[in-house]
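Each remark here refers to the structure printed beneath this line.
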Amino acid sequence: MEAGKYFLYNGKLIASGKAVITADNRSFRFGDGCFETMKMIAGNIVLNNYHFERLFSSLALLKFETPEYFTAAALAEQIKKLALKNKHTNARIRLTIFRGDGSLYEYENNIANYIIQTWPLLTLASTFNKEGLATGVYKHARKTSDGFSHIKTNNFLPYAMAAIWAKENKLDDAIILNNYGRVAEATIANIFLVNDGKIKTPALTEGCIQGVMRRYLIECIKKENIPFQETAITTEELAGANELFITNTVKGISHIAKCGNNNYGFQLSEYFYNRYLLSLT
């Protein structure tokens, strides 16, 4: 799906397709930056505060400078104005942050440059998809577990290669392992498993991204007093689970029906979707 007719580059409205960075851009050269994917419904950004808390935490960790005008309120206002200009009432939004031009050791400054884009959401899911997704475990790239692995950085190579592999194998998604051979996440989502009424998800120390929907769902699970752990998950546990589901900002909760030769149910994932996700769409 094509993006809107316009995007914002450092607050300036630009026609889509126009180049705004050079070959010396550090994001292009090194993946130096981070991004947020958000969902807008009826002109409002879903879980707005969660997104901007994560964004500014990431910027601090990546040692970006944020001028006084670079605030959550200002960015949210720009996102809404761009969506309105693109005539996107319901939209997927990408806010990309990058450092600018320079070599590895020499660069202009640490100021956060940014691009905002919007895409239309033509349909909003009003019912849980019981058909589910077909997935597999991608073993040719590993997600590192370090002080930056929970950030949505512009270096997305493991996910890009896993997505290509999934498409080649006619799968809906791929599960990525960490450098210990344990489960990290899916290509564009965090992963949860259910076994004997207990819910588990990989801990942030296992290399997964600190997803906004992951955070929201964990809060919902705790409200239900269901046994829950953020922990290490092996591929053997994955194979033996009763349920698997993934979460991201745009789709909310997606049930995994099949991973390799294993099939899964959807009792708890459907429950959480209907009780907590529908109210966000």
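No lab work stands behind these numbers, since they all come straight from the coordinates. Keep in mind that this is a model prediction, so the values were computed, not measured. Methodologically, a virtual Cβ is constructed for each residue, glycine included, from the backbone with ideal geometry; neighbour enumeration extends over all protein chains shown.
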*GNM on the chain, C-alpha springs below 10 Å: top fluctuator among THR205, THR153, THR235?*
THR235
_Share antiparallel - DSSP beta bridges, the chain, percent rounded to 5_ = 75 percent
*Between ALA72 and THR89, what is the spin-label point distance in nm, taking each point 7 Å from the Cα along the Cα→C-beta axis?*
2.8 nm
*Measure nothing fancy, just the Cα-based angle from helix 72-85's long axis to the longest principal axis of the chain, in degrees from 0 to 90, nearest 10.*
90 degrees
*Any chance you could check the Cα centroid distance between segment 1-52 and segment 233-281 for me, in angstrom?*
29 Å
*State the antiparallel share, in %, of DSSP beta bridges confined to segment 133-280, rounding to the nearest 5.*
55 percent
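Compute the relative contact order of the chain as a whole-number percentage, counting only Cα pairs closer than 8 Å that sit 6 or more residues apart in sequence.
It comes to 18 percent, rounded to a whole number.
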*In degrees, nearest 10, range 0 to 90: what is the angle between the Cα axis of helix 157-168 and the longest Cα principal axis of the chain?*
60 degrees
*10 Å binning of all Cα-Cα separations within segment 10-166, expressed as whole percents from 0 upward*: 9, 32, 37, 19, 3, 0
*Only residues of segment 108-135 count here: report those whose backbone N is under 17 Å from the spot 7 Å along Cα→Cβ of ILE14, or say none.*
111-119
*Can you pull out the chymotrypsin sites (Phe, Trp or Tyr not before Pro) in segment 105-144 that DSSP calls coil and that have at most 11 other Cβ atoms within 10 Å?*
TYR105
_Long pairs among LYS143/LYS167; LYS87/LYS130; LYS18/LYS80; LYS12/LYS39, criterion Cα-Cα beyond 27 Å_ = LYS87/LYS130
*Note the per residue figure in Å³ for the convex hull of the C-alpha positions in segment 129-281.*
104 Å³
*Given the options ALA72, ALA60, ALA241, state which has the largest fluctuation in a GNM of the chain using a 10 Å cut-off (strictly under) for Cα springs.*
ALA60
*Taking +1 at the Cβ of each Lys and Arg and -1 at the Cβ of each Asp and Glu, which of ASN263, ALA189, THR205 sits farthest along the dipole of segment 164-281 towards its positive end, judged by Cα position relative to the Cα centre?*
ALA189
*Mean residue ellipticity at 222 nm from the helices of the chain, using -39,500 (n - 2.57) per DSSP H segment of n ≥ 4 over the full residue count, to the nearest 500 deg cm²/dmol?*
-7000 deg cm²/dmol
*Estimated dipole of the chain in Debye, rounded to 20 [Cβ of Lys and Arg +1, of Asp and Glu -1, Cα centre]*: 660 debye
*asked:* Out of the GluC sites (Glu not before Pro) in segment 1-106, which ones are loop residues according to DSSP with at most 11 other C-beta atoms within 10 Å?
replied: GLU2, GLU68, GLU106
*If you line up the long axis of helix 48-61 against the longest principal axis of the chain, both from Cα atoms, how many degrees apart are they, to the nearest 10?*
70 degrees
*Theoretical FRET efficiency, 1/(1+(r/R0)^6), r = Cβ-Cβ of SER279 and THR231, R0 45 Å, to 0.05*: 0.95
*How big is the antiparallel share of DSSP beta bridges in segment 6-120, given as a percent to the nearest 5?*
95 percent
